[in-house]
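Everything on this sheet refers to the single structure shown next.
The values are calculated or read from the model by the stated rules, or taken from the named source; none is laboratory data. None of these values were measured; they are calculated from a predicted model. Here the Cβ positions follow ideal geometry from the backbone for every residue, glycine too, while neighbour counts run over all protein chains shown. Heads up: the accessible areas ignore ligands, DNA and RNA and are worked out on the full protein's heavy atoms, side chains in. Shrake-Rupley method; radii C 1.70, N 1.55, O 1.52, S 1.80 Å.
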Amino acid sequence: MAKKTAQAQMCPEAYRARLAGVELVSIALESFTLKTDRSRLGEGMKLSVKHKVGYEPLDNGSVTLSIAYDLTATRSNKREAAVTLSAAFSVVLDSDEPLMEAFLDIFTKVNLPVNTWPYFRELAQNMLQRAGLPPITLPFWRS
């Protein structure tokens, strides 16, 4: 993942114009883990989801973005997790022009989570059901 230095700036109009020349090549699941402690399951589970993003330019002018989600479910009065679920996705973008840091900083904060969150929601719901755990419905993405 590329390290970010100073925050680069880009006006909304320039961002939208640049976005028009960007194409999605692929979204792929890179890693997944699910751990459960069934003794800690109970009513009123509290969900916490965190995410981390990054990007790496490719030699051909494309860029690979990464986003990792970590879901934790605990009883509302306990700190120990009943469920932890982690998933990391890679997203490859192609562009008619090189993607600058200012654009990528905004894209990873705004577009990347909005476009990958449905994949994570479905994966979490599906895998928890397959594990024989109570179903959950993750909320809409809110930045």
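Count the net charge of all other residues whose Cβ sits under 13 Å from the Cβ of Pro134, scoring Lys and Arg as +1 and Asp and Glu as -1.
Working: positive: Arg38, Arg40, Arg75, Arg130; negative: Glu43.
Net charge in that neighbourhood comes out at +3.
Enumerate the amide H contacts of Ala82 below 5 Å, restricted to partners 5 or more residues apart or on another chain; note that Pro and chain-start residues carry no placed amide H.
Answer set, sorted by chain and number: Ala73, Thr74, Arg75.
Please check: in the Gaussian network model of the chain (C-alpha springs, under 10 Å), which one of Pro12, Pro118, Pro57 has the largest mean-square fluctuation.
Pro12
Over all directions, how big on average is the projection of the convex hull of the alpha-carbon atoms in segment 1-111, in square nanometres? Let's see the in-between values first.
Details: hull surface 35.7 nm².
Spelled out: convex hull of the Cα atoms, projected over all directions, averaged, 8.9 nm².
Please compute the contact order of the chain in relative form: average sequence separation of alpha-carbon pairs under 8 Å and at least six residues apart, divided by the residue count, as a percent. Before the final figure, lay out each step's value.
Working: 227 pairs, mean separation 37.9, N = 143.
Relative contact order, the chain: 26 percent.
With θ taken as phi - 60° and the coefficients 6.51, -1.76 and 1.60, list the Karplus ³J(HN,Hα) couplings across segment 52-65 in order, rounded to whole Hz; mark glycine and proline as x.
Karplus values, whole Hz, x for Gly and Pro: 9, 10, x, 8, 9, x, 9, 4, 8, x, 7, 9, 9, 9.
Share of segment 38-131's accessible area from carbon and sulfur, percent, 1.4 Å?
Details: 2500 of 5120 Å².
The computed percentage sits at 49.
Each residue of segment 80-85 in order: what ³J(HN,Hα) in whole Hz does its phi give by Karplus 6.51 cos²θ - 1.76 cosθ + 1.60, θ = phi - 60°, with x for Gly and Pro?
Values per residue, Gly and Pro as x: 6, 7, 8, 9, 10, 9 Hz.
Whole number in Å², please: accessible area per residue of the chain, 1.4 Å probe, ligands, DNA and RNA not counted. It would help to have the intermediate numbers written out before the result.
Working: 8940 Å² over 143 residues.
Computed with neighbouring chains in place, this is 63 Å² per residue.
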